Amino acid sequence: MVLVINAATFLMMVTAAASSGSSSLLSGALDNLGDALTYALSLAVIGAASAAKARVALFKGLLIFGAALAVAVQIGWRISHIDTPVAETMGVAALLNLGANLLCLRLLYPYRNDDVNMSSVWECSRNDVAEGIAVIGAALAVWVFSSGWPDVVIAMALLVLFLRSASRVLRSAWRELYPAGQRFMPADQPVKAPGRP
């Protein structure tokens, strides 16, 4: 269900971003695409070993980081070609996006602490809600000031959010894959019993 919601929201956001010229909507669309891929990967490892789930979480962290880089490139282009997006289109799309994200968050809430994989999924969903609220704010500011700068500023804030989220997911997955004391231990080195030379 969550996968279908994010895939449908991605298509809606891409269409709205193209028609309105909004960087923040495009940022949200890339986020929804990453989430759809994330949920698909999460479904694929249900019932798998902890190491497999941690590897998927690691890959999801890299996906979030990749989305952040794509947003950074688009923001750079918009700064050099500043224009005023269509605020009405931004607002309608942002409201629909926020509603979809809140529904996903509600569906995932009971599973947020199950394992590192579901924790990373929950992290993505919380980001989506924050992103939806931010884009609504950007649409209002664009409408009030008739300027494209609020859209760019919100897109930059979302970029920081993506990078922080990617960092948290990657650290969590890395700790799961390589617990303290085993990170630098050769694979063929035997573990000595306490008190033995």
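Using every alpha carbon pair in segment 94-173, what percent of pairs falls into each 10 Å bin from 0 up to the bin containing the largest distance?
Reading the bins upward from 0: 18, 40, 29, 10, 2.
Using the per-residue mean of other Cβ atoms lying within 10 Å as a proxy for protection, in what order, highest first, do the peptides 133-144, 64-75, 168-179 fall?
133-144, 64-75, 168-179
Have a look at 62, 163, 49 and report the one farthest towards the positive end of the charge dipole of segment 2-177, computed about the Cα centre with Cβ charges (Lys/Arg +1, Asp/Glu -1).
49
Suppose the chain between residue 113 and residue 126 were pulled fully straight at 0.36 nm per residue; how much longer would it get relative to their current alpha carbon spacing?
Full extension from residue 113 to residue 126 adds 3.3 nm.
What's the long-distance tail for the chain, i.e. % of Cα pairs beyond 23 Å?
Everything past 23 Å amounts to 46 percent.
Each label point is 7 Å from the Cα along the Cα-to-Cβ direction; what then is the distance between the points at residue 160 and residue 145, in nm?
Here the answer is 1.5 nm between the modelled labels.
I need to check one value: relative contact order of the chain, counting alpha carbon pairs closer than 8 Å and at least 6 residues apart, in percent.
Details: 245 pairs, mean separation 59.2, N = 197.
Contact order relative to length: 30 percent.
How many nm separate the modelled label positions at residue 79 and residue 105, each set 7 Å beyond the Cα in the direction of the Cβ?
Reported label-point gap for residue 79 and residue 105 is 2.9 nm.
Would you mind calculating the gained length between residue 92 and residue 43 on full extension (0.36 nm times residue separation, minus the Cα-Cα distance), in nm to one decimal?
Contour length minus the Cα-Cα distance gives 14.6 nm.
If you average 1/r over every pair of different alpha-carbon atoms in segment 1-57 and take one over that average, what Kirkwood value in Å do you get?
On the way: mean 1/r = 0.0818 Å⁻¹.
When all Cα pairs of segment 1-57 are included, the Kirkwood radius is 12.2 Å.
With each pseudo-label sitting 7 Å past Cα toward Cβ, what's the residue 3-residue 167 distance in nm, one decimal?
3.2 nm
Sort the following peptides by mean Cβ neighbour count (other Cβ atoms within 10 Å, averaged over residues), highest first: 155-165, 76-86.
155-165, 76-86
Each reported figure results from applying straightforward, stated rules to the coordinates on display, with no laboratory input. Since we're looking at a predicted model, the values are computed, not measured. Glycine also receives a Cβ, built like all others from the backbone with ideal geometry; neighbour counts cover every protein chain displayed.
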